[in-house]
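Just so you know, all these numbers are worked out from the coordinates, no wet-lab data involved. Everything numeric here is computed off the predicted structure, so don't read it as measured data. Using ideal geometry, Cβ is built from the backbone for each residue, glycine included, and neighbour counts are taken over all protein chains shown.
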Amino acid sequence: MNDLKLKDFSIGNDQSMTLMGGMNVLESRDLAMMVAEKFKSVSEKLNINYIFKGSFDKANRSSINSFRGPGLDDGLKILQEVSNEFSIPTITDIHEPNQAESVSEVCEVIQIPAFLARQTDLVKAAAKTKSIIQFKKPQFLSAPEMGNIIEKCESAGNNKITLCERGNSFGYNNLVVDTLNFQILKSLKRPTIFDVTHSLQLPGGLGNAAGGRREYLLSLAKAGISQGIAGLFLEAHPDPDSAKCDGPCALKLEMIEPFLTQIKQLDDFIKSQETLEIS
């Protein structure tokens, strides 16, 4: 297993859980600071390793009229301020090869979106940085095929890789999470993260935007954490119904502490158990 060292903690399937948490798109500087402060304080209280997440651009929105974000330059300024103010690492996604280097100067983790995980030039550009690279498993790929993406990244010189499960799509505005995928991804010897937020999307479910099923966040998060994985990817918002992107999937910010309390308890319990080899 390739555990990854980040600041004062390790990301690994056998390690205490890592939380990649924050907001979907960086709606504003003030909102980003509010969300980061809440996640940081709760994570410290519960002894959870924490990475702040925020997107500077949502380049694959359903509608041309949808809010995309502040853009690269202003977005990176917000992420840098969050990092400096709260002494926390950050993660954001890139969509074009020319974004990789500037993002790596601010963010310790670069995320490759699910729709773009097979784009060779993008993968190679990200891999040439010193950042950890997180690959969202595409909705259209089987879990074993992520081995090809790992090989592509390693061939460009970067073996600091995490894999992120976010469900599979079979059309009809729905996503399905196959819990067997967690064990398959773990067999690829990389830290496995569960994006519970976007696993609850209803792609295109609102016609011009994605719908979601936030009422299932806790039960689905528990299902993922029960698989003995490296951690959770979670987005929150003080008023999800007014969020500018993926509000239907977002947890209400005030629910962060009771939600993560249960998740951390489960993670500790699962990882305290003896591993049984069954063949």
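What you get for region 4-272, charging only the Cβ of Lys and Arg (+1) and of Asp and Glu (-1), is a dipole of about 580 debye around the Cα centre. Shape verdict for region 120-259, please, from the Cα gyration tensor: rounded (a/c under 1.5), prolate (a/b greater than b/c) or oblate. The shape class here is prolate. Any chance you could run the full-extension gain for GLN262 through SER155? It's 0.36 nm times the residue separation minus the Cα-Cα distance, nm to one decimal. The span from GLN262 to SER155 would gain 34.6 nm if fully extended.
Note on region 139-200: along the principal axes its Cα atoms extend 38, 18, 18 Å, ordered by decreasing extent. For region 1-101, the Kirkwood radius over C-alpha pairs fed into Stokes-Einstein at 20 °C and 1.002 mPa s yields D = 147 µm² per second. Restricting to the chain, compute how many DSSP beta bridges are antiparallel as a %, nearest 5. In the chain, approximately 15 percent of DSSP beta bridges are antiparallel ones.
Hydrophobic long helices, here whole DSSP H runs in the chain with Kyte-Doolittle means of at least -0.5 and Cα atoms spread over 18 Å or more along the helix axis, are found at 29-46, 72-86, 256-272. For THR18, the residues 5 or more places off, or on other chains, whose built amide H falls under 5 Å of its own are GLY231, LEU232. Helical content of the chain, expressed as a calculated mean residue ellipticity at 222 nm, amounts to -10000 deg cm²/dmol (DSSP H runs of 4 or more residues, -39,500 (n - 2.57) each, divided by residue number, nearest 500). Simple rule: put +1 on each Lys or Arg Cβ and -1 on each Asp or Glu Cβ in region 108-215, find the dipole, and look at THR120, GLN139, ALA156; the Cα lying farthest toward the positive end is ALA156. Only Cα pairs under 8 Å and 6+ residues apart enter the sum, and on that basis the relative contact order of the chain stands at 20 percent. Counting only the Cα atoms, the chain fills a convex hull of 120 Å³ per residue.
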